[in-house]
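Working notes, beginning with the structure itself.
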């Protein structure tokens with residue numbers, strides 16, 4: 001396999017085989033003791049993606065790469081990944097065992113359940129690793145107790161009730177992690193306010209540089225990349241801090257600029273539309289009315 005290739009893990013069984021574990025007790029979910037994972041040296045430095053969801057708690061130093069970035073954690077953190085995300089086994093992994101656990105589960109486990117219908121709303125599955133959830137000792141104990149309950153169910157009780165019990169336990173775990181992330185946002189208020197200010201400055205610079213007129217509104221991905229965050233984390237952080245998502249911030253900025261141009265210049269509606277990145281003035285008019293309740297012309301006349 002060439003270094004630039006991405007190795008695809010498609011099942012729980014395939015993952016167990018890859019890391020040297022015995023066959024899984026359940027075909028769609030596995031709970032793994034991280035200290036027992038042994039990856040053959042031939043896989044170090046290779047990139048992986050999987051069809052699985054992962055929830056991991058690691059309470060000792062671990063080093064690895066995610067995307068193009070390297071991370072080294074020295075405290076208990078929870079990391080979440082969704083299907084098709086790419087990770088890399090780092091050659092600088094420590095010789096001493098890493099303590100912790102990982103839950104891997106296939107989307108088929110939650111298909112046709114309430115969790116399956118809702119799981120896309122747990123945006124932290126798309127956070128970057130450096131946006132991991134840092135837990136208190138009490139929180140760490142709580143999530144580990146739920147993990148143990150799931151592990152016991154997988155190990156001893158595969159019956160007609162197993163899937164319901166396992167899925168409801170996963171849902172409880174994820175709901176608690178949503179609460180813990182909200183606590184993390186709250187305890188990092190100063191840093192979060194700085195991100196809000198950076199977002200505002202980014203949008204101003206984008207407009208002043210002429211990019212808005214040249215290439216249109218910035219995407220959430222563009223803003224996130226500029227601020228070194230994942231799109232979901234940026235939007236969640238802004239939502240928590242201001243009540244408005246990243247998309248809301250972008251839209252509000254464009255509306256504010258439109259209002260300024262409508263009242264502070266004699267430019268035509270078409271010229272203003274073009275300066276705000278709209279190739280077709282009627283798209284701009286439709287957008288403006290959806291946000292203000294007025295067409296651009298009505299707003300100009302009434303003000």
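Table for the structure above
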item: Residues of the range 244-262 classified as buried (at least 19 other Cβ atoms within 10 Å of the Cβ) and closer than 17 Å to residue 219 by Cα, total; result: 5
item: Candidates 50, 13 - the one that is within 24 Å of the chain's Cα centre (by Cα) and either at positive phi or modelled with pLDDT of 80 or more (or both); result: 50
item: Helices (runs of 4 or more DSSP H) contained entirely in the range 209-266, each with at least 1 residues that are in the same structural domain as residue 285 (by TED's automatic domain parsing) and more than 25 Å from residue 296 (Cβ to Cβ); result: 220-226, 231-242
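The values are calculated or read from the model by the stated rules, or taken from the named source; none is laboratory data. Just so you know, these numbers come straight off a predicted model, no measurement behind them. Neighbour counts are summed over all protein chains in view; Cβ atoms, including those assigned to glycine, are modelled from backbone coordinates with ideal geometry.
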